[in-house]
Amino acid sequence: MSVFNAAEIIDMGIEKEKKRRDFYGLVAEKFTEKEMKDLFTRLRDWEDEHIKKFSEIRQGVEEDDTHETYPGELADYMKVLVEDRLYKEASPSEFAKNVKTPIVAIQYGMAFERDAILFFSELLPAMGRTNRDSVQKLIDEEKQHLIYLSKLKQKFQS
């Protein structure tokens, strides 16, 4: 099993947070209903705060040696995690084609939040002890975002 250094993990996380932030910003612009605009503007701002928090964590992390089980493993893994289908579809053109209703927008948001939880939870063991608590707090925030969206989805489906 590979051990990735914390700096690389945080860089991957920052890139994913930026894509989520940008997605939420696009959704906020798409909807004319105040409730939906406010919701996705708030989610965009929450992701922006996570970017700032991860950037602060990143500044205090040293560049450790990367341990790979085969040459290029880290690059392959980063590509899979950062450029998966979910994030490719967050481009403006794909967004315009796929997000037409509040439910669809919320479902995309829920998928992004689940991805963040899984990503950071899976990579948390590779983090140094000093940053684990901070990253765990951010994971907990992502869980709250998911719960928030789930409740909102139930409201729209009622």
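Per 0.36 nm of contour for each residue apart, how much would the distance between Lys155 and Lys37 grow if the chain were fully extended, relative to their Cα-Cα spacing?
Values: separation 118, 0.36 × 118 = 42.48 nm, distance 1.63 nm.
Gain on extension, Lys155 to Lys37, equals 40.9 nm.
Could you order peptides 29-36, 136-143, 14-21 by the average number of other Cβ atoms within 10 Å of their residues, highest first? Write out the running numbers ahead of the final one.
Details: 29-36: 12.8, 136-143: 15.8, 14-21: 21.0.
Order by mean packing, descending: 14-21, 136-143, 29-36.
Round to the nearest 0.05 the FRET efficiency obtained for Glu56 and Glu122 when R0 = 30 Å and r is the Cβ-Cβ distance. Please list the in-between numbers first.
On the way: r = 22 Å, r/R0 = 0.73.
Computed FRET efficiency for Glu56 and Glu122 comes out at 0.85.
Bear in mind these aren't lab numbers, they're just calculated from the coordinates by the rules spelled out. Please read all numbers here as calculations on a predicted model, not as lab measurements. Methodologically, a virtual Cβ is constructed for each residue, glycine included, from the backbone with ideal geometry; neighbour enumeration extends over all protein chains shown.
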